[in-house]
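The block underneath contains the structure these notes are about, expressed in structure tokens.
Derivation of every value follows stated rules applied to the coordinates shown; laboratory data play no part. Since the model is a prediction, treat every value here as computed from it, not as a measurement. Ideal geometry is used to build each Cβ from the backbone, glycine not excepted, and the neighbour counts take in all protein chains shown.
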Amino acid sequence: MMRLTVLKLLVVAMLGGSTAQAAAPADPRMPVTAGPGETVFKAACAQCHLGQVPKAPTQVFLGMMEPEAIYAALTTGVMQSQAAALSAQDKQAVAGYLGDANLSSTGPAPAAPSCSGAAANFDLSQPPDVRNWGADLGNSHFVPAAAAGLAVADVPKLKLKWAFAFPGAIRARSQPSFAGGSLFVGSQNGTVYALDAASGCVRWTFKAGAEVRTAIAVSTWKAGDRAAKPQVFFGDLVGRAYSLDARTGQLLWSQKLEDHPSTTLTGAPTFYGGRVYFPVSSLEEAMADPKYPCCTFRGSLVALAATTGRVIWKTYTIAEKPRAVGQTTVGTPIFGPSGAAIWNSPTIDPKRQLVYVGTGDNYSAHATTRSDAILAFDLATGKMRWSLQGFTDDVWNVGCMLKNANCPEHAGPDFDIGAGTMLVKTSAGKERLYAGLKSGEVLAVDPQTHDRVLWRRRLGRGSTQGGIQFGMAYDGLHVYAPIADLGPVVDPNYPGEPHPGIYAVDPMNGDLVWSHPAPDRCHGDKFCDPGIIAAITAIPGAVFAGHMDGSLRAYASQTGAALWEYDTRADVTTLSGVVAHGGTIGGAGPVVYGGKLYAVSGYGAYFHLPGNVLLAFSVDGR
């Protein structure tokens, strides 16, 4: 799962440098200066891709794509006819300029070994028992003992078993999923991998149209059912949903979920009852150009038939269509209401036949009651049954960081509900919904009455990349909240001391049980911060968290004491023979399954450290 708050171009603007200066040094391709690529873009592309054409992706959006994907679109894909007059050199130059890398600097990266023998076989006796992104339908991020296969006493014995390098990547943000003995994971260049979960060899690959940062959802079946047709589901950077045959990687269907040019899918879909529920987000919030008429995107939740991809229902988070509501100080039209994107994974409530999501802020005037809110939709019809707002009057876009005319007159603080909403039953037998905000607050709601916030506990300072970002955890004992809270250099508009680390609170009243502040081991490294932006995962007795400084740690559930630690930034020899390393762990959280701990490392954007590895740990590396 992933939030697009600070984009590459914003990094450039704030650092006062070129795209080459902002490029990550760990990228195996040579970073490029603007040069001829910028000239080609301005002459042949800018007339459509600076926000003037409603369905044309903007330059900010294109800048998030792999240069290889841009080049493919220009040569054999959707832009082939428009780019017919460009030479191959021009196409390479503009793809490198937009994607911030030189296409011709290296050849194809070595591939990890393909599976053979038993390791290549999909096992129908192993349906997914860790379901969807949040481990269960309630998104608790708790893996029971039988599925985890790892006793807390053995956690200190964990050692690296194998490492997988994502070719040509500077970021790794898709959380691993499991079924049939396969590990499914997406990558920056759009490749989805099915690996043998035990050894890491490649069972199959599939190439999507753009980066895949969502986790891969898997359909369910009865163990050993030879007639089963298991599927996997995911979304890509440009807003297209996919389903593949889980055994072979064959494409079953794909579906564009929204026409808006800024549409993206960052939250993992959720499979339930023969349907797959996709949350829809966008990059429009990052349109900081004062000439851009901001904003016209509305978040939505879409229910698709799992076998065919047919849209069963689609409901917008904001019922009202955006309309012209005024002008900026430089005369650019203002449209609204907009925003309330969904960038977290839907939570299923079978008892009430509801699906819950958390929403982000509004991008432009006027503020709505559906932003920074928990929304409940009818599973069958998509009708919105209720909503409860966690933070009011939050209207914000990246123009506010640059202090330009696109910033709303009364700007909010950007306190989205980014963490997937958790539906759980407490040890006292009470059902509760828990939501985490970028304000650093945890909220508790009764799903039956849903008329008020039962309690709220502030744990962090909050900011655009502070507070709680991607996912909390609950194990029947405590609610665990990771706090990012980047330092004041990055977020100067949020006063007070940051409180990065991990916190445990009482699920009934929000009282703090323990806290473990994140140790600062960055040693002044650029783009290094000690906090936790990624989702976390709990097993009986332990909580696993990946930190922004690349540290992967396990904490004792009862006390918060550190049990184990590994530096994912260290160089490792991967299965392909390539030496690689991780960086910031962000978005995707660590997962424990079948006696192993898995983690992807290398957030690689938005003031974070690059990297491109998937790491597998086992007891003593066996």
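List the aspartates and glutamates whose Cα lies under 19 Å from the Cα of Lys403, skipping any in the same chain that are fewer than 8 positions away. Candidates past the 8-residue exclusion: Glu284, Glu285, Asp289, Asp361, Asp393, Asp394, Asp414, Asp491. Determine the relative contact order of the chain: mean sequence separation of Cα pairs under 8 Å and six or more apart, normalised by residue count, in whole percent. Averaging sequence separation for qualifying contacts and normalising by length gives 14 percent for the chain. Label separation (Gln327 vs Lys291): 1.7 nm, computed from points 7 Å beyond Cα along the C-beta direction. Maximal additional length on extending the Asp378-Asp520 stretch stands at 46.6 nm, based on 0.36 nm per residue less the C-alpha distance.
Rounded, prolate or oblate: pick one for the chain, where a ≥ b ≥ c are the square roots of the eigenvalues of its C-alpha gyration tensor, a/c under 1.5 means rounded, and failing that, prolate if a/b is larger than b/c, else oblate. The shape class here is rounded. For segment 521-584, trypsin sites (Lys or Arg not before Pro) meeting the loop criterion (DSSP other than H, G, I, E, B) and having at most 15 other Cβ atoms within 10 Å: Arg521, Lys526.
Separation of the alpha carbons by more than 22 angstrom is noted, of Lys351/Lys425; Lys42/Lys526; Lys321/Lys383; Lys256/Lys314; Lys256/Lys321, for Lys42/Lys526.
By count of other Cβ within 10 Å, fewest leading, how are Thr537, Thr315 ordered? Each step should come with its number before you reach the end.
Details: Thr537 32, Thr315 17.
Listing Thr537, Thr315 from fewest to most nearby Cβ atoms yields Thr315, Thr537.
Evaluating 6.51 cos²θ - 1.76 cosθ + 1.60 at θ = phi - 60° for every residue in segment 133-145, the Karplus couplings come out as 5, x, 6, 8, 5, x, 6, 6, 6, 10, 9, x, 4 Hz, glycine and proline recorded as x.
For a label point 7 Å from the Cα of Asn509 along Cα→C-beta, name the residues of segment 556-574 whose backbone N is under 20 Å from it. Within reach of a label on Asn509: 558-559. The 3J(HN,Hα) values that the Karplus relation (6.51, -1.76, 1.60; θ = phi - 60°) gives for segment 369-374 are, in residue order, 8, 9, 8, 6, 9, 8 Hz. Gly and Pro appear as x.
When each of the peptides 180-191, 330-341, 141-152 is scored by the mean number of other C-beta atoms lying within 10 Å of its residues, the order from highest to lowest reads 180-191, 330-341, 141-152. The simple spin-label model puts a point 7 Å past each Cα toward its Cβ; for Lys314 and Lys256 those points are separated by 1.1 nm. When the square roots of the Cα gyration tensor eigenvalues are ordered a ≥ b ≥ c, the ratio a/c for segment 442-599 is 1.5 or more and a/b does not exceed b/c, which makes its shape oblate.
Distances between placed amide hydrogens fall under 5 Å for Gly326 paired with Ile334, all partners being 5 or more residues away or on another chain. Please enumerate, by chain and number, the aspartates and glutamates with C-alpha under 20 Å from the C-alpha of Lys596, excluding those fewer than 8 residues away in the same chain. The qualifying aspartates and glutamates are Asp123, Asp129, Asp136, Asp154, Asp196, Asp475, Glu565, Asp567, Asp620.
Between the amide H of Ser174 and those of Gly186, distances stay under 5 Å, these residues lying 5 or more places away or on another chain, with hydrogens modeled in the peptide plane. Full extension of the segment from Asp571 to Ala428, taken as 0.36 nm per residue of separation minus the current Cα-Cα distance, would add 46.8 nm. Between Thr559 and Ser114, the modelled labels are 5.2 nm apart [label points 7 Å from Cα along Cα→Cβ]. By definition, a body whose alpha carbon gyration tensor gives a ≥ b ≥ c is prolate when a/c is 1.5 or more and a/b is larger than b/c, and segment 507-546 fits this prolate description. Please identify every one of the trypsin sites (Lys or Arg not before Pro) in segment 306-341 that sits in a loop by DSSP and has no more than 14 other beta carbons within 10 Å of its own beta carbon. Passing sites in segment 306-341 are Arg310. A run of the chain free of exposed loop cleavage sites, with GluC sites (Glu not before Pro) counted only in DSSP states other than H, G, I, E and B and at most 13 other beta carbons within 10 Å, reaches its longest extent at 1-319. Here Asn121 and Lys157 are evaluated by their C-beta separation; at R0 = 45 Å the FRET efficiency comes out at 0.95.
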